[in-house]
Protein chains: 2
Amino acid sequence: MSYLEKTKEALQAEYDVVKAKFAACKDQNLKLNMARGKPGASQLDIVSDILGCFVDPAECFSDGIDARNYGELAGLPVARAYWADVLGCKPEQTFLGGTSSLKIMFDVISAAYTYGLRNSVRPWCKEEVVKFLCPSPGYDRHFKITESFGAELITVPMTADGPDMNVVEELVKDPQVKGIWCVPKYSNPDGIIYSEDTVARFANLKPAAPDFTIMWDNAYCVHEFEGDFIPFPDIISLCEKAGNPDMVFEFASTSKITFPGAGISVMAASEGNIAYFTDLFSVQMISHDKINQLRHVKYLKDKANTLALMKKHAEVLAPKFRMVIDMLEKEILPCGFGQWVSPKGGYFVSFNTLPGTAKRALALCKEAGVVMTPAGATFPYGKDPKDSNIRIAPSLPPVAELEKAMDVFCTCIKLAALEKLLNI
Amino acid sequence: MSYLEKTKEALQAEYDVVKAKFAACKDQNLKLNMARGKPGASQLDIVSDILGCFVDPAECFSDGIDARNYGELAGLPVARAYWADVLGCKPEQTFLGGTSSLKIMFDVISAAYTYGLRNSVRPWCKEEVVKFLCPSPGYDRHFKITESFGAELITVPMTADGPDMNVVEELVKDPQVKGIWCVPKYSNPDGIIYSEDTVARFANLKPAAPDFTIMWDNAYCVHEFEGDFIPFPDIISLCEKAGNPDMVFEFASTSKITFPGAGISVMAASEGNIAYFTDLFSVQMISHDKINQLRHVKYLKDKANTLALMKKHAEVLAPKFRMVIDMLEKEILPCGFGQWVSPKGGYFVSFNTLPGTAKRALALCKEAGVVMTPAGATFPYGKDPKDSNIRIAPSLPPVAELEKAMDVFCTCIKLAALEKLLNI
């Protein structure tokens, strides 16, 4: 029976049971982690042959370029072609970064503050106020970047189709609103795919700020763990067709394709933006790691081959996500509170617990040795107004550990809810 | 006989000879490059076995850390230990960057502008004026970084012992003076090593600005091409002993040890600064490429082994520098103008031609198919007040090509000088 329909006595009885269960959990002295979207060791094993795929110096030459020396700031032509194939844009619309797409995102925002973007009237640091839209629940590291520059973060509600576009279209009428963070495919943490209509409305936005910027983090563009690859529209050409060619910067990396933090990243944008940023970035560095670019192109080859590799990752990830969903259905569903969606790709399950109990539930998890992403992290400034959303990241632990971790998690969710309902 | 002692008739006769020689140079249709400190292909061949030195996934584990996954923002302990060995500081005083030390330098200055440094009263972008000292001739990419943030660049003369410390000590009394660019060993382009006294005076500076910063780019710390390794003092501990622990940031990379732009870089600073920047950088990225860190540690092992490798680079570089000096001695010395110093390490020869003729000489070089670093580049804003200094970068072309390039160069130097002396 749902907790919400139980008598006080029945709740108290349930509390005693769950409290005892929690004590038993603690006695296991667990040390488990579901905090971050880190691939598990068996995923890393799958791709470890990348280490040996490029050992012959004769293969360092690509399009007449010696990848061993300085040069080609925007990346080797073969690496740009690889990303154009994956993202569905043109090679000239790509710029290869280092090992971290987050770092290029930071550098774009940092450049907007210091120098201004291509269509800026002035650098953002000279604006009185800069506001940035944060569809929430969302990715804490995105929000932190704009927060670190002093931007005012504005929460935009998420729907099953992506950010609430009615809200977005209204907010962009304010010229102080300079941009928005987006994860269009398997959004972090909701795991939803922006609908075709949502993407079209993004491309056709008419923001008041001439330098309004969509930060389109396509982190999970080929990251299905269930079912076949789902194609996604090329946001660069959609924005171009809508007369907003410079409005979007798309990002991706191989961090969850090969080795996290040791792969290659990319920024895709209009050719005008790529030229503008190639010029800005030329002050910062001579060129990125072309050896690693070549190694990755040799290993991943193209989109089709990358998708085949992602099927192997899926074999590892799918049972983990199934475990999470099964546990939630078995343990939480009967309690009559809590919402979640079963995603088919990405790295997270977004779970909404009884409002006002998320922080407490995760404190209990911590007490029982299970580390989760802090409650609130999925909202601007780390503050979830409902204290309800929790991001579950099941990729790191092996399935057996994950089962234990989810058992603790469900126990803590129930215990925190019971405490609240019983005013304990 | 020196040009400066020749009669007008003798100069005219020499002009006719050199002019004819220049025409002959042009007829060769050369396409040679002495513009940048790029290692030559044979140097890259020496180190290309690095590609195959790390292929076994079992070797990915270091100090219990799986280098294939996210984590360890400051770098793997073995990589920090490697740099501490090379630089003579403590591992805790190091922070591993990506493939480019220039990028970490940029990021430090950028952080100073956006957030302020550890001892800043306010971010530099909130200061009315920021002044930065640029010992000149110096490295154009250094100067460009501070210029891009709108700093006022102040030229400090170079002496045979390093920057003129009398001038530096005077200038740092101005609280608007926030820092100085330094290349302490084989300075770019002069190739001189800062004297012990100069280094001590740097460590003991008493700047008015609490956040005055020495950008200590130790780019050529192990880069002798003639003679044995010359030890250098650890600037971090010197500053600490002088009561200025946070005043210096040291930088280095393997760009001229293994592959340019595909190696590992490091920032060394006080533990307080490392903690401060680890916190700031955690907003920008999760971790740098630990696989490449491990690959480099496996390949380079330690300082002693690195120095042995540098001897191999020296075998390639020494004949190139000898060629440059020989040509200058043969062609320019008799002309009675022009100064240069024969360096024993680094990547450049700094040449001062007849004042007022450097730009013209390099325009002539370009006409004859030899690309050089633009005249003026070694001074703030790209403007050499004497129009005299030229940076020669002999590392890229093979010796045979270099001989041709230097022949063209000397011809153009003479022709430009003759034009000036004859008022042509």
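The values are calculated or read from the model by the stated rules, or taken from the named source; none is laboratory data. Since we're looking at a predicted model, the values are computed, not measured. Quick reminder, even Gly has a Cβ in these numbers, built from the backbone with ideal geometry, and neighbours come from all protein chains shown. The accessibility values were calculated without ligands, DNA or RNA, using every heavy atom of the protein model including side chains. Shrake-Rupley method; radii C 1.70, N 1.55, O 1.52, S 1.80 Å.
Structure above, values below:
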item: Residues satisfying the stated conditions in region A:347-391, i.e. touching a helix residue (DSSP H, G or I) at 6+ places or on another chain (Cβ under 7 Å) and of a type in the set (Lys, Arg); result: A:Arg360
item: Tally of residues being part of a loop (DSSP other than H, G, I, E, B) and surrounded by 23 or more Cβ atoms within 10 Å (Cβ to Cβ) across region A:240-255; result: 3
item: Residues (hydroxyl-bearing (Ser, Thr, Tyr) and within 9 Å of chain B (Cβ to nearest Cβ)) located in region A:283-305; result: A:Ser287
item: Flag for A:Gly150 being open to solvent by less than 10 Å² (accessible area, probe 1.4 Å), of a type outside the set (Phe, Trp, Tyr) and either out of contact with any helix residue (DSSP H, G or I) (no Cβ under 6 Å at 6 or more places or on another chain) or in a helix (DSSP H, G or I) (or both); result: no
item: Test for A:Ile230: is it more than 20 Å from A:Thr198 (Cβ to Cβ) and hydrophobic (A, V, I, L, M, F, W, C); result: no
item: Sole exception among (1) open to solvent by less than 10 Å² (accessible area, probe 1.4 Å); (2) closer than 26 Å to B:Glu271 by Cα for B:Ser187, by number; result: (2)
item: Whichever residue in region B:110-127 is of a type in the set (S, T, N, Q) and within 9 Å of chain A (Cβ to nearest Cβ) and, among such residues, is farthest from A:Asn292 (Cα to Cα); result: B:Thr114
item: Only listed residue being assigned to a loop (DSSP other than H, G, I, E, B), open to solvent by less than 30 Å² (accessible area, probe 1.4 Å) and either closer than 27 Å to B:Gly346 by Cβ or more than 9 Å from chain A (Cβ to nearest Cβ) (or both), chosen from B:Ala84, B:Ala74, B:Ala79; result: B:Ala74
item: Test for B:Asp164: is it at pLDDT 95 or above, over 30 Å from B:Val316 (Cβ atoms) and more than 17 Å from the chain's Cα centre (by Cα); result: yes
item: Pairs with Cβ under 6 Å, 6+ apart, first in region B:47-63 and free of Cβ contacts under 8 Å to residues at least 24 places away in the same chain, second open to solvent by 50 Å² or more (accessible area, probe 1.4 Å); result: B:Leu51/A:Val55; B:Gly52/A:Val55; B:Asp63/B:Pro77
item: In region B:251-263, the residues that are in contact with an Asp or Glu (Cβ under 9 Å, 6 or more places away or on another chain) and more than 10 Å from every other protein chain (Cβ to nearest Cβ); result: B:Phe251, B:Ala252
item: Criterion: on the phi > 0 side of the Ramachandran plot and at pLDDT 95 or above - qualifying residue of A:Asp16, A:Asp63, A:Asp85; result: A:Asp63
item: Pick from region A:263-299, criterion in a helix (DSSP H, G or I) and closer than 20 Å to B:Lys290 by Cβ, ranking: most open to solvent (accessible area, probe 1.4 Å); result: A:Tyr299
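Condition check ((1) within 14 Å of chain B (Cβ to nearest Cβ); (2) in contact with a Cys (Cβ under 7 Å, 6 or more places away or on another chain); (3) surrounded by fewer than 20 Cβ atoms within 10 Å (Cβ to Cβ)) across all residues:
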| residue | (1), (2), (3) |
| --- | --- |
| A:Lys8 | no, no, yes |
| A:Lys26 | no, no, yes |
| A:Asn29 | no, no, yes |
| A:Val55 | yes, no, yes |
| A:Asn69 | yes, no, no |
| A:Thr99 | yes, no, no |
| A:Val108 | yes, no, no |
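Matching residues to (1) among the charged types (D, E, K, R); (2) modelled with pLDDT of 95 or more; (3) over 18 Å from the mean Cα position of the chain (by Cα):
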| site | (1), (2), (3) |
| --- | --- |
| A:Ser148 | no, yes, yes |
| A:Val168 | no, yes, yes |
| A:Val183 | no, yes, no |
| A:Tyr194 | no, yes, no |
| A:Ala203 | no, yes, yes |
| A:Asp211 | yes, yes, yes |
| A:Asn218 | no, yes, no |
| A:Val222 | no, yes, no |
| A:Asp246 | yes, yes, yes |
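Yes/no matrix, rows are residues, columns are (1) in contact with a helix residue (DSSP H, G or I) (Cβ under 6 Å, 6 or more places away or on another chain); (2) touching a residue at least 24 places away in the same chain (Cβ under 8 Å):
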site	(1), (2)
B:Val222	yes, yes
B:Gly227	no, yes
B:Ile235	no, yes
B:Leu238	yes, yes
B:Gly243	no, no
B:Met247	yes, yes
B:Ile257	no, yes
B:Ile264	yes, yes
B:Ala275	no, no
